[in-house]
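Here the structure is laid out as structure tokens; the discussion comes afterwards.
The values are calculated or read from the model by the stated rules, or taken from the named source; none is laboratory data. This structure is a prediction, so every number in the text was calculated from the model and none was measured. Here Cβ is always computed from backbone atoms with ideal geometry, including for glycine, and neighbour counts include all displayed protein chains.
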Amino acid sequence: MRNLGTPDDPYDVIGLGFGPSNIALAIAAQEIVPDRRCLFLERSPDTRWHEGMLIDGARMQISFLKDLVSLRNLASPFTFLQYEKAKGRLEKFVNLAEFRPTRLEFQDYLRWVAAQFGGMVRYRSAVRAVTPVRDDDGALSLFRVTATDTATGEVVEYHARNIVHALGGVPRVPDAVTLGPTVVHSSAFLSTVPGTFTDHDREWEFAVAGDGQSAGEITHYLLGRYRNARVHLILPGYSLRATDNNPFANEQFFEANADDFYSRNEANRRDYAASLRTTNYGVVEEGFLDDLYRLVYADEVRGRTRLVVHDGSRLTRAGADGAGIRIGVDSRFGGGSRVLRADGLVLATGYRRELDPAMYREVLPYLDTDGDGRPVVSRDHRVRATEELTCGLYVQGFAEATHGLGDTLLSLLPFRSKQIITAIAKDGGSLARAVPPARHDAEPDTATLVALIDRCGSGTLVSAGPGEFPVATRLPLVLDRDRGRHGVLFGLLGRTDPQLPLLDGGKVLAVFQPDAAPPGEPPAGNSMSIDVRGCARLVTDRDLLVAHLARLDPADSGPAARAGGSVGVEIEIEALSGRFPLSPEPHAVRTESERQS
């Protein structure tokens, strides 16, 4: 069994978290660079997304077309429409004439996609530390990730060339507020409040702090479910405001405009972001505001006021006061301070995003930071670091200051995942490193490599045009030893295989990994990995194609029939190399493959 994840055989990518951002990354990796070895670590027992706010009927604020992949690849098998088809609801969904699915259905879509990558996800894995590892040349070329299995308490170590951090934000809670059963952040609203306040007829006093979509939805929920309750809405501004959804403002979430934002200078970015703030922050969807206002108006018709708005206010403290909560509120406009008493308080105060200083304690000294202490993030979302740190740390949703308001939203996930996986393919595992370097006993000779290739039967073909990301596909490959200096490979591309860039006349890489070593070589488990570089050309001669097809499978009686629907490619071998990885050294902490054993 391969000890994948050890220092000698690391993962190409370890993703921290398996929410929408890293699920989109998994899709991009499979569709763009399928030869990369990826692992994702998720603390939860399954895929979860804003479970605290999956209120019945609550809808997405974006079109279903802004799913994990559609805007990058409409032909992907992981689109929202593919999900609807797989669930047998496509015609019914179309019949709804609804662009915005419910949040509950979108979470189900996320779980449907995540289930198709289950083999590369370790759920119940709480990441404790990310540590740079120094190689024999003195460079910090790998990350060691230490995680704890939350079910068993077992500690497991993994190694990777690149980390993609997508653990999301941490709930923002005022310093003088302590969370508990009656004081909760919106992220825990549904998992806490209904179970704590079970009497729906009691005259509860609730307080909600915040002015965004979550604050509006929570206020509506409390007024609707608790018919005799009163809700105190603590607003920093003068009133709830509607989201700016005009199509011209929404163009900021286009891929090209997000890229343009990065190109602006720092002062211009701040001004630009401030002018567009109402597209995302401190605002509520306009139609939902209408619904909330109708509910409040209906109460007034009945002769009672159940929503009390404390405008221009800031929550400063909250603590237990007998059976209830004592809440301190300061006026932002010179109106002094006051105290509210409530039975329950919900903080719709958003999230803060930063790298956990304890988790990254040994990495932070090598990272570049800006004047505010935030990591400096490049255009492709890699955190800039000293030259000593050669492994890559990428972040998702942590670069709003340089990448724009869309950095924390779903709209740009397909494009961001493409940027990251493309950068990793080029810088953290380029074509020259498609098979990772490993220590070896002796460099094998050409005859040994050719013999191993000859018995493989298939390999992975990789190609890339200038400035493009590599594209790879696995296909049958046979070796003709009688042609060329080292031989000529013949491959067969089917109709569904990707069209490799520069295929006709271009440089390509073929990767072979025999299942077991031949007699006299290192034993199975240390099998050979072989790189073959050469120049490719398309086979257009039908007779030659038929002859090659017969060589692919001599027992096949119908090569001529298959020739009409296939594309042949020949690769004249220019250079080949291979290595025998050594068995990994033992570790004090068990590796992933050892744990599975």
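Across region 108-120, a minimum of one residue is classified as assigned to a loop (DSSP other than H, G, I, E, B) and out of contact with any Leu (no Cβ under 9 Å at 6 or more places or on another chain). Here Asp175 meets each of (1) farther than 22 Å from Arg314 by Cα; (2) of a type outside the set (Ser, Thr, Tyr); (3) part of a loop (DSSP other than H, G, I, E, B); (4) without any contact (Cβ under 8 Å) to a residue 12 or more places away in the chain with one exception, condition (1). For the subset of region 273-330 comprising residues that are acidic (Asp, Glu) and outside any helix (DSSP H, G or I), which member is nearest to Gln61 (Cα to Cα)? Within region 273-330, the match that is nearest to Gln61 (Cα to Cα) is Glu285. Collect the residues in region 360-371 that are touching a strand residue (DSSP E or B) at 6+ places or on another chain (Cβ under 7 Å) and not in a strand (DSSP E or B), keeping them in residue-number order. Matches in region 360-371: Tyr360, Glu362, Val363, Tyr366, Asp368. Taking the conditions exactly as written (within 20 Å of Met53 (Cβ to Cβ), more than 36 Å from the chain's Cα centre (by Cα) and either touching a residue at least 40 places away in the same chain (Cβ under 8 Å) or not assigned by TED's automatic domain parsing to the domain that holds Val329 (or both)), does Ala229 satisfy them or not? Considered against the rule, which asks whether it is within 20 Å of Met53 (Cβ to Cβ), more than 36 Å from the chain's Cα centre (by Cα) and either touching a residue at least 40 places away in the same chain (Cβ under 8 Å) or not assigned by TED's automatic domain parsing to the domain that holds Val329 (or both), Ala229 comes out as yes. Pairing each residue of region 117-129 that is within 15 Å of Thr152 (Cα to Cα) with any residue that is at pLDDT 95 or above and of a type in the set (Phe, Trp, Tyr), provided the two are 6+ apart or on different chains, yields C-beta distances under 8 Å for Arg122/Phe40; Tyr123/Phe18.
Note on region 262-272: among residues that are in a helix (DSSP H, G or I) and not aliphatic (A, V, I, L, M), the one that is nearest to Ala58 (Cα to Cα) is Tyr272. Checking each residue in region 130-139 for being in contact with a strand residue (DSSP E or B) (Cβ under 7 Å, 6 or more places away or on another chain), surrounded by fewer than 20 Cβ atoms within 10 Å (Cβ to Cβ) and either in a loop (DSSP other than H, G, I, E, B) or of a type outside the set (Ser, Thr, Tyr) (or both) picks out Val133, Arg134, Asp135. Just so you know, in region 231-270 the residues that are aromatic (Phe, Trp, Tyr) and surrounded by 13 or more Cβ atoms within 10 Å (Cβ to Cβ) include one that is nearest to Thr349 (Cα to Cα), and it is Phe253.
Picking from Glu84, Glu42, which residue would you name as being surrounded by 19 or more Cβ atoms within 10 Å (Cβ to Cβ), of a type in the set (D, E, K, R) and in contact (Cβ under 8 Å) with a residue 12 or more places away in the chain? Exactly one of Glu84, Glu42 is surrounded by 19 or more Cβ atoms within 10 Å (Cβ to Cβ), of a type in the set (D, E, K, R) and in contact (Cβ under 8 Å) with a residue 12 or more places away in the chain, namely Glu42.
Scanning region 379-415 for residues that are basic (Lys, Arg) and assigned to a strand (DSSP E or B) turns up just one, Arg382. If you go through region 1-53 and keep only what is closer than 26 Å to Gly153 by Cα, part of a helix (DSSP H, G or I) and at pLDDT 90 or above, you end up with Asn22, Ile23.
For region 331-359, the set of residues classified as touching a Pro at 6+ places or on another chain (Cβ under 7 Å), part of a loop (DSSP other than H, G, I, E, B) and not basic (Lys, Arg) consists of Leu355 only.
Taken together, the residues in region 150-170 that are assigned to a strand (DSSP E or B) and either at pLDDT 95 or above or buried (at least 18 other Cβ atoms within 10 Å of the Cβ) (or both) amount to 11.
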